[in-house]
Protein chains: 2
Amino acid sequence: MKPGDIKPGDIKPILELDRMVHEPARLAILTVLAAAEEVEFQFLQRITGLNKGNLSSHTQKLEATGYLATTKAFRGRIPVTSFRITKEGRKALEAYRKQLRKVAGG
Amino acid sequence: MKPGDIKPGDIKPILELDRMVHEPARLAILTVLAAAEEVEFQFLQRITGLNKGNLSSHTQKLEATGYLATTKAFRGRIPVTSFRITKEGRKALEAYRKQLRKVAGG
DNA sequence: ATCAACAGGTTTGCAGTACAAACTTGTTGA
DNA sequence: TCAACAAGTTTGTACTGCAAACCTGTTGAT
């Protein structure tokens, strides 16, 4: 860093996008969850088009961030994982959409 | 992959986002370029808030993809790099925004 | 009763990327 | 003449997304 250089903080970014939400796979997940009360893994996989591995890891990240809550239960003897969006997650999604509108235009 | 598994192509993704445009740094660059005829490196750096290194590498990627064109010239004896958005870039940005509107809501 | 195939996920390995820091080439000022 | 500056570029690291391999238990066929 040299004198005259633009320093961190010199500029307020136009757009402050939450990376956790910005990732398309997670955006899809949150968007679906925001519209439903609770959804199951399989359903979520079909609707988002993600494979199991990626759906699993993305939901884990969303959970670690507190945007999503996981429930594990059994249907008969078969394990079923379900997800809900948290209050935090809903807030984050709303904030993200607000940012998007700035750039989406029209 | 086992029988019953969801296969690639089984599902048409809701959202088809161009990763080259989706990256916030590049989105900012393209957005600025779309609004101006031609902009200089320094200006672009100030307005996007990126540091020189990252601005340089992102513009190079955009150029490699054909979304941006670079002009190098001298102001006096000092080198000045300028950028324009290409026709392709404008199209890509427009398509991206169209996708965004689906998810941005209200 | 045994064993292969299935259901429902999770973990791993790799390949690609963004960011900051270091470097480069030339210029200006003391 | 030589240190500081201008304008970028290249490098190194740390992260992250994806597909494939793996795991645990269940069901169906023989």
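In this assembly of identical copies, the label point of B:Lys52 (Cα plus 7 Å along Cα-to-Cβ) is separated from its counterparts by 5.2 nm, sorted shortest first. Each stretch of four or more DSSP H residues adds -39500 (n - 2.57); spread over every residue of the protein assembly as shown, this sum gives -16000 deg cm²/dmol at 222 nm.
Over the C-alpha atoms of chain B, the Rg to Rh ratio, Rh being the Kirkwood estimate, stands at 1.14.
Here the simple spin-label model places points 7 Å from the Cα toward Cβ, and for B:Arg46 and A:Ala34 these points are separated by 3.5 nm. Cross-linked pairs A:Lys52/B:Lys91; A:Lys102/B:Lys91; A:Lys61/A:Lys102: Cα-Cα separations exceed 30 Å for A:Lys52/B:Lys91.
Taking the centroid of alpha carbons for each part, the range B:20-72 and the range A:40-106 are 32 Å apart. Shielding by partners for peptide A:91-98, expressed as the average number of C-beta atoms from other protein chains within 10 Å of each residue's C-beta, is 2. List the distances, in nm to one decimal, from the label point of A:Lys98 to the label points of the same position in every other copy, shortest first, placing each label point 7 Å from Cα along the Cα-to-Cβ direction. Spelled out, the distances from A:Lys98's label point are 3.0 nm.
Every number in this text was worked out from the coordinates using simple rules, so none of it is lab data. It should be emphasised that the depicted structure is a prediction, and the values quoted were computed from it without experimental measurement. Here Cβ is always computed from backbone atoms with ideal geometry, including for glycine, and neighbour counts include all displayed protein chains.
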